[in-house]
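Enquirer: This is the structure, below, for whatever I ask next.
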């Protein structure tokens, strides 16, 4: 299992090598991995259908109680099969779609890594591991959306997606930690049966809100839906995979996963139902108002995510069944539609429905399968999408007090989606042939394979829904937390309300499509505040952030050395003085007993040197004075028998003088730039700092820390570290990690100096 | 800094640089028991190079060093890091745990080798690399 989950990451590392080896067939080669994984996961089916959930343990960081435990039940297995199954076709498709692109190996690499992260996410039983995989999907999706990184909108969209999902991810982390703390375990399979105990906790509400913040951002619920359509800047294989079948469903997965814990809580039900329904409506209306093929599909995905959230929120067994059926149907037809849209774009050079038309003769196969998938999107019998829509209406009917409201919203959405499906399926293929940037031609086999199989899958499951029934039942059981009776999935349920709604939606949808040109603008105007308001809020926030950063850089990092030193000194003085005064810590006794004559002389020497260095107008003079100060200090080290320090001090002084001499000749002549007031201020700060440090040293001398550390070092230096020079033993053995850090800092400083001088040198000539 | 500096300085430098470098190695090796160590030894070695730079010019100092100063710096960092890994890889001990080996050389006596020594050599190389990088780039800017 561990191998299965991590294989994607490992293979991703070898993609660049492989792509050199097998050349244009790279897509096919890589697709072997998800195909093999699909078979592997399919092997779990018999067990899971029987109701035997499996937990597979791997210790990871046992000291922190974090493990890589995997939970295989109906829900996670269904997701795993979708991820690997669709992943197979996506890799084949991507290999053909980006054939000859210079960065194709990068895209395939990211796709594989993303697939592995997604698998880890749906299979993890440990909350921490789940969160790690969750963040990995965000990061890989950032790389994927920003694949065309030379393209400004792509970069912007990638950043937007990242900030929104990772921001939500932070909330999710807090939520999951709370969940683990309340429940007393970080293992999902232990937490899930403890729903009642969890809901009784006073922290339950906070936990729920935080978790929802994570899932809503990830699954693009209103008001966070704006990042998803923008993410369409990614190459089509990415959109097809991440934004239809998998990543955005991670949020839905987590909500479904936690449903047993949350079930019955009114706030949970209400939030999910209402936000889900709202998202559904916004997505539906925006889909029909768009003209770009990929945006239409993206908004219809927002619609689907809203529907799923709403259904999980309603939470009746019927609604949960509807959610799972809808999820499966959506993954099939949306994957197919995205790939087909990419194929259209690839073959014609445009994906605006205004510019496409009459392609049915030139791309007959694409036209056929797009029609099939679009019928499923619209919910027309005998496709699987129809069953999903029927069940959705039925679930809305059972929603209790809210059912009236939900039905109206579902109806409106269904009408819009029917029209959107018609837009996608009819506009590009019927009517007059329109001139396009490229001469249209049928796409290569590798690009048609994916959407053909997925669209046919939708048809097959519609005709024989019993095929998917065992898996769906296992998934519903996993969400509901209790066994369910065999499901009745059929195209024909007799004459009932859902059928009436479906029929009405179809008729109204077709009518809306016919008058699309007239309705598009007013509809878009109606929904605009909801659709674009949140995005504007996001942009405002980003602008404010940039302004804040700009302001603080101007104030704190203005490039003047004097300002930096002044800031550091004043802060230190403030903090030190506050601590010393508030703790009443000034304890010192001055006694001049035992002071030798030469010590006094050296001290006086230092004093003279300091005064001269700060008063003189000669640069060389002040350098020499500071040098004298350093050598006097070295003498003091010698007096107190610290030869290592003395040697170091002498050497450093020497080198400092060398460095100063090298720099000195380049400086302009001495000038008075500061006003007397500034000089007095600086003198005051410097004086205060000196006085404070003196007091501090005196105080420190008085208080004893017991000498524990230095005694330990003296005693163990030779015994444990085989060295008599304690200073050096400390440097290279006892505190070697500190030294390691310091030499890295030194190296960084040298690189910095080198870079700075080189930059200057390049600018000047 | 230029070839027209005094003949006395140049001649003295020719004798002093090898002596200083030898002295720096001496300081490096004795550091564990007597005053010395990688940091001090590195400073001495780099002052030797600085002296050479003053007597001649940046180009000939670079030639004297043989390799890029940044390379010395990087090698030192790698050596220090690697010395910390030895204990990890051999005995599964924490990073930077010191390892000791005692060799008996016929005619000379016992020789103790250790990872702290490797670490110290790493520090030595880093210090040489850092100081000469800075000094050389400043001198280059001068020209």
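Enquirer: Rank by packing, highest mean first: peptides A:510-517, A:142-149, with packing defined as the count of other Cβ atoms within 10 Å averaged across residues. Before the final figure, lay out the partial values.
Expert: Numbers: A:510-517: 14.9, A:142-149: 21.1.
Those peptides, ordered most packed to least, come out A:142-149, A:510-517.
Enquirer: If the label point is 7 Å along Cα→Cβ of residue A:566, which residues in the range A:661-687 have backbone nitrogen under 17 Å from it?
Expert: Under 17 Å, as judged by backbone N against the label point of residue A:566, lie A:672-687 of the range A:661-687.
Enquirer: What is the mean number of Cβ atoms from other protein chains located within 10 Å of the Cβ atom of each residue in peptide A:737-748, rounded to a whole number? Don't skip to the end; give the middle numbers.
Expert: Working: counts 4, 0, 9, 11, 0, 3, 17, 4, 1, 13, 10, 2.
Shielding by partners across A:737-748 averages 6.
Enquirer: Another question, if that's okay. Can you pull the mean other chain C-beta count within 10 Å for peptide B:22-34? It would help to have the intermediate numbers written out before the result.
Expert: On the way: counts 0, 0, 0, 0, 0, 1, 0, 0, 2, 8, 10, 8, 6.
Across B:22-34, the average partner-chain Cβ count within 10 Å equals 3.
Enquirer: What whole number of Å gives the distance from the Cα centroid of the range A:85-102 to the Cα centroid of the range B:43-80?
Expert: Each part reduced to its Cα centre gives a spacing of 52 Å.
Enquirer: Report, in degrees rounded to the nearest 10, the 0 to 90 angle that the Cα long axis of helix A:469-480 makes with the longest principal axis of chain A.
Expert: On a 0 to 90 degree scale, this one is about 50.
Enquirer: Also, I was wondering about something else. Grab the alpha carbons of the range B:1-50, take their convex hull, and tell me the volume per residue in Å³. Don't skip to the end; give the middle numbers.
Expert: Details: hull volume 3.0 nm³, N = 50.
With only Cα atoms used, the range B:1-50 gives 59 Å³ per residue.
Enquirer: Sticking with this structure for a sec: Take the alpha-carbon centre of the range A:525-586, take the same for the range A:195-263, and report the distance between them in whole Å.
Expert: Cα centroid of the range A:525-586 versus Cα centroid of the range A:195-263: 32 Å apart.
Enquirer: Quick one: if the Förster radius is 45 Å, what FRET efficiency do residue A:39 and residue A:497 give, using the C-beta to C-beta distance and rounding to 0.05?
Expert: Numbers: r = 42 Å, r/R0 = 0.93.
It comes to 0.60.
Enquirer: Here's another thing I want to ask about it. Let's test the formula: R0 of 25 Å, r as the Cβ-Cβ distance of residue B:30 and residue A:709. What FRET efficiency results, to the nearest 0.05?
Expert: On the way: r = 26 Å, r/R0 = 1.02.
Efficiency computed from Cβ-Cβ geometry: 0.45.
Enquirer: For A:346, B:32, A:52, which order do you get if you count the other beta carbons within 10 Å of each Cβ and list the fewest first?
Expert: Values: A:346 19, B:32 23, A:52 11.
Fewest to most other Cβ atoms nearby, the residues stand as A:52, A:346, B:32.
Enquirer: How far apart, in nm, are the 7 Å Cα→Cβ label points at residue A:433 and residue A:266?
Expert: For residue A:433 paired with residue A:266, the spin-label model returns 6.5 nm.
Enquirer: Under a plain spin-label model, where a point goes 7 Å from the Cα along Cα-to-Cβ, how far apart in nm are residue A:156 and residue A:504?
Expert: Going from the residue A:156 label point to the residue A:504 one covers 4.2 nm.
Enquirer: Please tell me the relative contact order of the range B:7-142 in percent, rounded to the nearest whole number, where contacts are Cα pairs under 8 Å and at least six residues apart. Show your work: numbers first, answer last.
Expert: Values: 182 pairs, mean separation 38.7, N = 136.
Once divided by the residue count of the range B:7-142, the mean separation gives 28 percent.
Enquirer: What FRET efficiency would be calculated for the residue pair residue A:196, residue A:467, taking the C-beta separation as r and a Förster radius of 51 Å, to the nearest 0.05? Write out the running numbers ahead of the final one.
Expert: Values: r = 37 Å, r/R0 = 0.72.
Between residue A:196 and residue A:467 the formula returns 0.90.
Enquirer: Follow-up. Just counting partner chain Cβ atoms within 10 Å, what average do the residues of peptide B:49-59 show around their Cβ? All intermediate terms of the calculation are to be shown ahead of the outcome.
Expert: Numbers: counts 0, 7, 2, 0, 2, 3, 0, 0, 0, 0, 0.
Per residue, the average neighbour count from other chains is 1.
Enquirer: Additional query: Does the range A:127-241 come out rounded, prolate or oblate, given a ≥ b ≥ c as the square roots of the eigenvalues of its C-alpha gyration tensor, rounded meaning a/c under 1.5 and, failing that, prolate meaning a/b above b/c? Don't skip to the end; give the middle numbers.
Expert: Values: a/c = 3.17, a/b = 2.45, b/c = 1.30.
Cα axes put the range A:127-241 in the prolate bin.
Enquirer: How much length, in nm to one decimal, is gained on full extension between residue A:205 and residue A:557, taken as 0.36 nm per residue of separation minus their Cα-Cα distance? Walk me through the intermediate numbers first.
Expert: On the way: separation 352, 0.36 × 352 = 126.72 nm, distance 4.25 nm.
Full extension from residue A:205 to residue A:557 adds 122.5 nm.
Enquirer: To continue, here is another question. At 25 °C and 0.890 mPa s, grab the translational diffusion coefficient of chain A from Stokes-Einstein with a Kirkwood Rh over Cα pairs, rounded to a whole number in µm² per second. Kindly include the intermediate steps, with their values, before the conclusion.
Expert: Numbers: Rh = 30.8 Å.
Rounded to a whole number, D works out at 80 µm²/s.
Enquirer: On to the next question. What's the ranking of A:209-216, A:62-69 by average number of surrounding C-beta atoms within 10 Å, highest first? It would help to have the intermediate numbers written out before the result.
Expert: On the way: A:209-216: 23.2, A:62-69: 14.8.
Descending packing order for the listed peptides: A:209-216, A:62-69.
Enquirer: Dividing the Cα radius of gyration by the Kirkwood radius, what Rg/Rh value follows for the range B:7-142? Intermediate values should be presented prior to the final figure.
Expert: Details: Rg = 17.2 Å, Rh = 16.2 Å.
With Rh from the inverse mean 1/r over Cα pairs, Rg/Rh is 1.06.
Enquirer: Any chance you could check the Cα centroid distance between the range A:343-363 and the range A:422-459 for me, in angstrom?
Expert: The range A:343-363 and the range A:422-459 have Cα centres separated by 7 Å.
Enquirer: What shape does the range A:170-231 take by its C-alpha gyration tensor, where a ≥ b ≥ c are the square roots of the eigenvalues and a/c under 1.5 counts as rounded, a/b above b/c as prolate, and the rest as oblate?
Expert: Working: a/c = 2.86, a/b = 2.38, b/c = 1.20.
Because a/c hits 1.5 or more and a/b exceeds b/c, the range A:170-231 counts as prolate.
Enquirer: If I model a spin label as a point 7 Å beyond the Cα along the Cα-Cβ vector, how far apart are those points for residue A:583 and residue B:93 in nm?
Expert: For residue A:583 paired with residue B:93, the spin-label model returns 3.6 nm.
Enquirer: Among B:96, B:20, B:105, which one shows the highest mean-square fluctuation when chain B is modelled as a Gaussian network with alpha-carbon springs under 10 Å?
Expert: B:105
Enquirer: Further question: Stretched out fully, how many nm does the piece from residue A:745 to residue A:25 gain, at 0.36 nm a residue minus the Cα gap?
Expert: On the way: separation 720, 0.36 × 720 = 259.20 nm, distance 4.69 nm.
Roughly 254.5 nm would be gained on extension.
Enquirer: Could you work out how much longer the chain between residue A:673 and residue A:545 gets when fully extended? Use 0.36 nm per residue separation minus the Cα distance between them, nm to one decimal.
Expert: Values: separation 128, 0.36 × 128 = 46.08 nm, distance 3.53 nm.
Length gained, residue A:673 through residue A:545: 42.5 nm.
Enquirer: Fewest to most neighbouring Cβ within 10 Å: what's the order for A:189, A:105, B:91?
Expert: Details: A:189 16, A:105 19, B:91 9.
Ascending Cβ contact count within 10 Å gives the list B:91, A:189, A:105.
Enquirer: Pick out which of B:102, B:24, B:83 has the largest mean-square fluctuation in a Gaussian network model of chain B, springs linking Cα atoms closer than 10 Å.
Expert: B:102
Bear in mind that the values in this text are calculations on the coordinates, not laboratory data. None of the values given here were measured: they were computed from a predicted structure. Neighbour counts are summed over all protein chains in view; Cβ atoms, including those assigned to glycine, are modelled from backbone coordinates with ideal geometry.
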